[in-house]
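Novice: Before anything else, here's the structure in question.
The values are calculated or read from the model by the stated rules, or taken from the named source; none is laboratory data. A quick note: this is a predicted structure, and the numbers were derived from the prediction, not measured. Heads up, the Cβs are rebuilt from the backbone with ideal geometry, glycines too, and the neighbour counts pull from every protein chain shown.
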């Protein structure tokens, strides 16, 4: 077998094992949460009879092991079960939310990744001069401000003062692509500002690191322009760390944007998960946790594989 | 004076005078606050009947919606599902803004002399959204579902006093074990929405007799409703073509949506920003005094709170005015350590107000003989808005009286299952009930499940039951007054403030009715209001 195929197979198997471990953690974690689903569904005004009845109906009296394997068996067959709280099919409602989350993450990434890399290259080109300092200062400022704050500031100016884009980003399937993009304009801006600095700084640092190598000096001496050196010689050698940080940020865009979702009332996975955690709707929490874990593991897997492919030394191990 | 008052009510309706100013000026003319408030409510009613405009879309931005919500009335507990209920379903009777019973699915009702047997005559010719005729059997089935032992209904406690229910011709008959003059108020509970076949087969289907039919149901995101063209009371409800309830749990997101015109009304305006928001040109902040209250509750059967002197020391140590000013920013009124205020029928205005007094607090604290160990008060952000700050204020004023109060922060998550009604001293809130009997039976009867102060006094229970069956209002009022004072002087309830309902309404909304029963006009703003620029 070709070493790369073997390597990828190994990584995939490791990823699956990790996912399995994560499923156990998720299950244990959800089991030790204080309070119970019946109390949360019925709220403060629940009577003991109603609580006991609901608990029995939800099968909460079975032992944990039985419930875990029943759940895992279902998941392997693509059946995530039904929500305890409103009896809806989890796969169905989760699917819609996941689609929305990926939609927002896609557009935020589509804008922020090229922008961050371009700004990083620009910062290297003008290292220690004012464009470099300006780019660093602005992006470091936006990453330092809490994301909800950026959200509120943009809402105030863009939605209330100038009335350019709406502050409520509720989208649905009957909207056209244009209407959807209009609705998510401000959240995309916020997310772009939040993830920009990390990726930009990493691009800058990685390329600068490479720029000190002897072969860059050779390229310089041979009379190549600065941008051309960066593009042709420095960037390919700096790709591994950049891909790593890009993937981390993509993962964040999928699993970590619950605060932004709340501020803009965006119907994504984060809010969906938080709602169900607070109601102790365990099957939904488990399904969400599993998907989030899969996204994280998957993206990191991609980052690993890309850095191996990009590095001849790793590509041809002795 | 009459002309002046009439002019002033007009000003309030137009929004050039606030309700608070009105009550103040009316008092200057010798009118009590209660009368002034009811004058306003009457005026608001009259305004509501000024030519509704048909058509258009009304959008409500509401907190209290989760992706776990269902349309089953039995499981409804938060604001968004409540709004949904009011659009889709109707109950037998409702409590109107003046605290009177308004007949809905019942055309009329009458009670036997001992208030034990009640007959509700059911309206004819009303159709459910699925085209089926609404019958007394549907009413009976609905009530049976909510009173079933296996029921998960939040109204189960209410249904317990009912001994027998049956259908007799056009009438739905309720027989009680003990007479209850307030039964219609109990049956106005929002869980008891009439559903076809009582909702036995599919309680969350959203099929009711309400002024709107279900179009979109995305829990935790939005709910859309189309006008029910077959609605029986179309003159008074269901003016717009389409209503949408958007779930906006974040307070800033709600105000931003209202300010930028994406919604026509929002609930729960943060008192901190209400005065500022009111200055925005295109909207008005509406506040109405209700029966809801924020409380600190101590178990009277657990040391050290089993000592009435210690409880009194805490009651005197709390600074009520400061709490209303700083926690509610003036959108509320001070409490008197009893769960009843002037918004309730049969309230006794003559009960003296407990004042903040460091001396008396010191006196009672010394008399209690408490050993000086820290008194632990458990609190979470979610106990009520501003609960942690309120606890800090309480701690400071208690410190001035030498009472060592120690605050223990608890997570919001699990607060209602692990802390409230379990720990001996914690912060909490009550939404209030339409009548005194219901409030006392829910939380102060010895056998009540939510007796969160462990208040168990046989003589109190006796008074409650005798008042319940008493049809002479003067005697009833006297008994309620005694009960209130008993809790005020001996109970475990420390009640610093009653909170107002504060909503934000765009100026293009017509037909707003001030309703002390709950926020957003008792969650009926969507079905009673219209848009002026439809």
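Novice: Checking the condition outside any helix (DSSP H, G or I), modelled with pLDDT under 95 and either away from chain B (no Cβ under 14 Å) or more than 23 Å from residue A:100 (Cβ to Cβ) (or both), which residue from A:128, A:173 passes? Even if it seems obvious, please write down each step before you answer.
Specialist: Values: A:173 fails: either away from chain B (no Cβ under 14 Å) or more than 23 Å from residue A:100 (Cβ to Cβ) (or both).
A:128 is the lone residue from the list that is outside any helix (DSSP H, G or I), modelled with pLDDT under 95 and either away from chain B (no Cβ under 14 Å) or more than 23 Å from residue A:100 (Cβ to Cβ) (or both).
Novice: Still on this model: Identify the residue in region A:131-163 that is outside any helix (DSSP H, G or I) and under 27 Å from the mean Cα position of the chain (by Cα) and, among all such residues, is nearest to the other protein chains (Cβ to nearest Cβ). Before the answer, list the steps.
Specialist: Of the residues in region A:131-163, the ones outside any helix (DSSP H, G or I) are A:145-146, A:162-163.
Checking which are under 27 Å from the mean Cα position of the chain (by Cα) leaves us with A:145-146.
Details: A:145: 15, A:146: 13 Å.
Once the filter is applied, the top-ranked residue is A:146.
Novice: Also: Being farther than 30 Å from residue B:324 by Cα, surrounded by fewer than 24 Cβ atoms within 10 Å (Cβ to Cβ) and either free of Cβ contacts under 8 Å to residues at least 40 places away in the same chain or away from chain A (no Cβ under 14 Å) (or both), is that true of even one residue in region B:245-259?
Specialist: no
Novice: When you go through A:168, A:210 one by one, which is the residue that is part of a helix (DSSP H, G or I) and surrounded by 13 or more Cβ atoms within 10 Å (Cβ to Cβ)?
Specialist: None of the others qualify; the one that does is A:210.
Novice: Going through A:168, A:138 one at a time, which residue ends up being more than 22 Å from residue A:243 (Cα to Cα) and touching a strand residue (DSSP E or B) at 6+ places or on another chain (Cβ under 7 Å)?
Specialist: Values: A:138 fails: touching a strand residue (DSSP E or B) at 6+ places or on another chain (Cβ under 7 Å).
That would be A:168, the only listed residue that is more than 22 Å from residue A:243 (Cα to Cα) and touching a strand residue (DSSP E or B) at 6+ places or on another chain (Cβ under 7 Å).
Novice: Considering region B:186-214 alone, what residues qualify as being outside any loop (DSSP other than H, G, I, E, B) and buried (at least 23 other Cβ atoms within 10 Å of the Cβ)? Lay out the reasoning, then the answer.
Specialist: Restricting attention to region B:186-214, the residues satisfying the condition of being outside any loop (DSSP other than H, G, I, E, B) are B:186-187, B:193, B:196-199, B:212-214.
Listed by number, the residues that qualify are B:186, B:187, B:193, B:196, B:199, B:212.
Novice: A follow-up question, please. Is there a residue in region A:59-81 that is within 12 Å of another protein chain (Cβ to nearest Cβ), at pLDDT below 85 and in contact with a helix residue (DSSP H, G or I) (Cβ under 9 Å, 6 or more places away or on another chain)?
Specialist: No, region A:59-81 contains no residue that is within 12 Å of another protein chain (Cβ to nearest Cβ), at pLDDT below 85 and in contact with a helix residue (DSSP H, G or I) (Cβ under 9 Å, 6 or more places away or on another chain).
Novice: For residue A:94, work out the one condition from (1) within 14 Å of chain B (Cβ to nearest Cβ); (2) assigned to a helix (DSSP H, G or I); (3) more than 24 Å from residue A:250 (Cα to Cα) it doesn't fulfil.
Specialist: All conditions pass for residue A:94, except number (3).
Novice: Among residues belonging to region B:388-403 that are touching a strand residue (DSSP E or B) at 6+ places or on another chain (Cβ under 6 Å) and surrounded by fewer than 21 Cβ atoms within 10 Å (Cβ to Cβ), point out the one that is farthest from the other protein chains (Cβ to nearest Cβ). Write out each step before concluding.
Specialist: At the first step, the residues of region B:388-403 found to be touching a strand residue (DSSP E or B) at 6+ places or on another chain (Cβ under 6 Å) are B:388, B:391, B:395, B:398.
From what's left, surrounded by fewer than 21 Cβ atoms within 10 Å (Cβ to Cβ): B:388, B:395.
Numbers: B:388: 18, B:395: 25 Å.
Step by step, filter region B:388-403, then rank; the result is B:395.
Novice: Go through region B:488-512 and give me each residue that's buried (at least 18 other Cβ atoms within 10 Å of the Cβ), under 30 Å from residue B:312 (Cβ atoms) and touching a helix residue (DSSP H, G or I) at 6+ places or on another chain (Cβ under 8 Å).
Specialist: Passing the criteria: B:491, B:492, B:493, B:494, B:496, B:497.
Novice: Restricting to region A:44-55, what's the tally of residues that are modelled with pLDDT of 70 or more, within 9 Å of chain B (Cβ to nearest Cβ) and either in contact with a helix residue (DSSP H, G or I) (Cβ under 9 Å, 6 or more places away or on another chain) or more than 21 Å from residue B:414 (Cβ to Cβ) (or both)?
Specialist: Residues of region A:44-55 modelled with pLDDT of 70 or more: A:47-55.
With within 9 Å of chain B (Cβ to nearest Cβ) added as a condition, the list becomes A:47-51, A:53-54.
Imposing the further condition that a residue be either in contact with a helix residue (DSSP H, G or I) (Cβ under 9 Å, 6 or more places away or on another chain) or more than 21 Å from residue B:414 (Cβ to Cβ) (or both) reduces the set to A:47, A:49-51, A:53-54.
Qualifying residue count, region A:44-55: 6.
Novice: From the list B:413, B:371, which one is in a loop (DSSP other than H, G, I, E, B), more than 27 Å from residue B:291 (Cβ to Cβ) and within 12 Å of chain A (Cβ to nearest Cβ)? Show your work before the answer.
Specialist: Numbers: B:371 fails: within 12 Å of chain A (Cβ to nearest Cβ).
B:413 is the lone residue from the list that is in a loop (DSSP other than H, G, I, E, B), more than 27 Å from residue B:291 (Cβ to Cβ) and within 12 Å of chain A (Cβ to nearest Cβ).
Novice: Mind telling me which of the residues B:378, B:454 ends up being crowded, with 16+ Cβ neighbours inside 10 Å and outside any strand (DSSP E or B)? So that I can check it myself, show each step before the final result.
Specialist: Numbers: B:378 fails: outside any strand (DSSP E or B).
Just a single option satisfies the conditions, and that option is B:454.
Novice: Now for a different question. Could you list, in sequence order, all residues of region B:215-233 that are more than 14 Å from chain A (Cβ to nearest Cβ), out of contact with any helix residue (DSSP H, G or I) (no Cβ under 6 Å at 6 or more places or on another chain) and not in a loop (DSSP other than H, G, I, E, B)? I'd like the intermediate steps shown before the answer.
Specialist: First, the residues of region B:215-233 that are more than 14 Å from chain A (Cβ to nearest Cβ): B:225-233.
Keeping just the survivors that are out of contact with any helix residue (DSSP H, G or I) (no Cβ under 6 Å at 6 or more places or on another chain) gives B:226-233.
Those that are more than 14 Å from chain A (Cβ to nearest Cβ), out of contact with any helix residue (DSSP H, G or I) (no Cβ under 6 Å at 6 or more places or on another chain) and not in a loop (DSSP other than H, G, I, E, B): B:226, B:227.
Let's see how each residue does on (1) touching a residue at least 24 places away in the same chain (Cβ under 8 Å); (2) farther than 30 Å from residue B:470 by Cβ:
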{"site": "B:100", "(1), (2)": "no, no"}
{"site": "B:114", "(1), (2)": "yes, no"}
{"site": "B:133", "(1), (2)": "no, yes"}
{"site": "B:138", "(1), (2)": "yes, yes"}
{"site": "B:142", "(1), (2)": "yes, no"}
{"site": "B:153", "(1), (2)": "yes, no"}
{"site": "B:160", "(1), (2)": "no, no"}
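Novice: Residues of region B:57-92 being over 23 Å from residue B:201 (Cα atoms), touching a residue at least 40 places away in the same chain (Cβ under 8 Å), assigned to a loop (DSSP other than H, G, I, E, B) and within 17 Å of the chain's Cα centre (by Cα), which ones?
Specialist: B:63, B:64
Novice: Counting only residues that are away from chain B (no Cβ under 14 Å) and within 17 Å of the chain's Cα centre (by Cα), give me the helices (runs of 4 or more DSSP H) lying completely in region A:220-318 with at least 2 of them. Step through it out loud before you land on a result.
Specialist: Working: elements: A:226-229, A:235-255, A:258-264, A:269-278, A:282-310, A:312-315.
Filter on region A:220-318 gives A:235-255, A:282-310.
Novice: Could you list, in sequence order, the residues of region B:192-216 that are in contact with a strand residue (DSSP E or B) (Cβ under 6 Å, 6 or more places away or on another chain) and more than 17 Å from residue B:122 (Cβ to Cβ)?
Specialist: Those that are in contact with a strand residue (DSSP E or B) (Cβ under 6 Å, 6 or more places away or on another chain) and more than 17 Å from residue B:122 (Cβ to Cβ): B:206, B:212, B:213, B:215, B:216.
Novice: Further question: Restricting attention to region A:99-112, report how many residues are in contact (Cβ under 8 Å) with a residue 40 or more places away in the chain and surrounded by fewer than 19 Cβ atoms within 10 Å (Cβ to Cβ). Lay out the reasoning, then the answer.
Specialist: So the first thing to find is which residues in region A:99-112 are in contact (Cβ under 8 Å) with a residue 40 or more places away in the chain, and the list is A:100-105, A:107-109, A:111-112.
From the residues that got through so far, the ones that are surrounded by fewer than 19 Cβ atoms within 10 Å (Cβ to Cβ) too are A:102-103, A:111.
Of the residues in that region, 3 qualify.
Novice: If you check B:385, B:434, which single one turns out to be away from chain A (no Cβ under 13 Å), in contact with a helix residue (DSSP H, G or I) (Cβ under 7 Å, 6 or more places away or on another chain) and at pLDDT below 90? Outline the logic, then answer.
Specialist: Working: B:385 fails: in contact with a helix residue (DSSP H, G or I) (Cβ under 7 Å, 6 or more places away or on another chain).
The unique qualifying residue is B:434.
Novice: Out of everything in region B:265-283 that is buried (at least 18 other Cβ atoms within 10 Å of the Cβ), over 20 Å from residue B:323 (Cα atoms) and away from chain A (no Cβ under 13 Å), what residue ends up being modelled with the lowest pLDDT?
Specialist: Ranking the qualifying residues of region B:265-283, first place goes to B:267.
Novice: Considering only residues that are buried (at least 18 other Cβ atoms within 10 Å of the Cβ) and in a loop (DSSP other than H, G, I, E, B), which ones fall in region B:356-368?
Specialist: Listed by number, the list holds a single entry, B:356.
Novice: In the list B:427, B:525, which residue meets the criterion of being within 30 Å of residue A:274 (Cα to Cα), at pLDDT 95 or above, crowded, with 21+ Cβ neighbours inside 10 Å and within 14 Å of chain A (Cβ to nearest Cβ)? Write out each step before concluding.
Specialist: Numbers: B:525 fails: within 14 Å of chain A (Cβ to nearest Cβ).
Just a single option satisfies the conditions, and that option is B:427.
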